[in-house]
Amino acid sequence: MKNNVLAPSVLAADFANLQRDVEMLNNSEADWIHVDIMDGIFVPNISFGLPVCKAIQKHAKKPLDVHLMIQQPDNYLEAFKDAGADRLTVHYEAVTHLHRTVSRIKELGCRAGVALNPHTPVQVLEDIIQDLDLVLIMSVNPGFGGQKFIEQTYQKIKKLKVLATETKPDLWIEIDGGVNDQNAAKLVEQGANALVAGSFVFSSEQPLQTISDIRKQMASV
Ligand code: DX5
Ligand code: ZN
């Protein structure tokens, strides 16, 4: 049985103090560091790219969980591997030949993840789930931090959990968007084992304590 993990998203960090914030995560109970890459095409926002990912890697002592919200991610897989990605997650909606993309990610030596937008049913992964290390369920529309959690997500987690139990019992089921200390336990209860939290962690006066609180909620299930 896998331990649950918490992956704070540096999208909500203070970019002028990125080293400080990454070091805070190093010293925290966080497990992975979630890195949100947005291209302004797949999503209506631009975050940051390869040089910033590399800069995060330089200071990070925890695995980088890279979430590519970009069109044609195939063109950048190797570059993100070189920029420090341990896990590489592409969007189902942004890829035509998903099996090829997932195989390439694994060839590069990364764990392979696929993200689903809120409107995309989990059943679309039925024939590839055995090849995946991780499925990321978006619990907000991708593009921005600080949005409201979509309640339908709980149902989706349950369905994915059923699918995973049959075909890929050790799948990471990661939830991204609007995660906080109020919904963390319920998400784990439904079957999630990895949670991303951006603004809830970084807008806190005491992020170390906030991370610890979410971890406690996750462990209470
Ligand atoms: C949204 C990103 C998320 C974001 C989550 O498109 O994929 O990872 O950082 O931020 P919060 O936790 O603030 O919803
Ligand atoms: Zn993300």
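At a glance:
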| quantity | calculated |
| --- | --- |
| Entries of K58/K81; K54/K106; K54/K216; K62/K106; K62/K216 with Cα pairs more than 24 Å apart | K54/K216 |
| The chain: calculated mean residue ellipticity at 222 nm from DSSP helix runs of at least 4, using -39500 (n - 2.57) | -9500 deg cm²/dmol |
| Reach of K159 by Cα under 16 Å, taken over aspartates and glutamates that are not fewer than 8 positions away in the same chain | E126, D127, E151, D170, E174, E189 |
| For q = 0.11, 0.21, 0.22, 0.28 Å⁻¹, Debye-computed log10 I/I(0) when each Cα of region 92-162 counts as one equal scatterer | -0.29, -0.94, -1.01, -1.32 |
| Backbone HN-Hα couplings from phi across region 149-156 [Karplus 6.51/-1.76/1.60, Hz, Gly and Pro as x] | 4, 8, 5, 4, 3, 4, 4, 5 |
| Residues with amide H under 5 Å from that of H91, placed H, sequence gap 5 or more | I70, A115 |
| Solution diffusion estimate, µm²/s, Stokes-Einstein, region 137-221, Kirkwood Rh from C-alpha pairs, 25 °C, viscosity 0.890 mPa s | 186 |
| Sum of side-chain charges, Q217 neighbourhood, beta-carbon under 14 Å (Lys, Arg +1; Asp, Glu -1) | -1 |
| Shape box of the chain [Cα atoms, principal axes, largest first, Å] | 44, 38, 31 |
| Per principal axis, descending, Cα span of region 72-124 in whole Å | 32, 17, 16 |
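Bear in mind that the values in this text are calculations on the coordinates, not laboratory data. In this text, all values refer to a predicted model and were calculated from it rather than measured experimentally. Reconstructed Cβ throughout: ideal geometry from the backbone, glycine too, with neighbour counts over all protein chains shown.
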